[in-house]
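The values are calculated or read from the model by the stated rules, or taken from the named source; none is laboratory data. Remember, predicted model here, so these are calculated numbers, not experimental data. All Cβ positions, glycine included, derive from the backbone under ideal geometry; neighbour counts span all protein chains shown.
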Amino acid sequence: MTILLTIIKLLKVNISFFHEKNHILKMHVLQPKHTKLKPEEVEKLLKDLNISLAQIPKIKINDPALPDKCEVSDVLRIERIVDNKKVIYYRVVAV
């Protein structure tokens, strides 16, 4: 395990460890930030955009980028850096 951590540090890869059934999932620095929205934020988003939850693009529940404790119908804010600007996308967790 220490060799693995040394290699990761040398490659400058930012990882989070999740121990589920002896698997280690890695999160790379280039992976966009995924944030679970609170119910109040979801209501405000739907009202501001004048859309329903069904109209938000989907992301699979088994996607490794999902934050901990995400459930079906949770809404995520995905922040990407494009041309040195922050671009925000929204996804709803689906089966």
Any hit, the stretch 51-64, residues being at pLDDT below 90 and farther than 22 Å from Val92 by Cβ: no
Test: residue in the stretch 28-45 that is touching a strand residue (DSSP E or B) at 6+ places or on another chain (Cβ under 9 Å), of a type in the set (A, V, I, L, M, F, W, C) and either loosely packed, with under 15 Cβ neighbours inside 10 Å or in a strand (DSSP E or B) (or both): no
Whichever residue in the stretch 49-95 is among the acidic types (Asp, Glu) and more than 13 Å from His34 (Cβ to Cβ) and, among such residues, is farthest from the chain's Cα centre (by Cα): Asp83
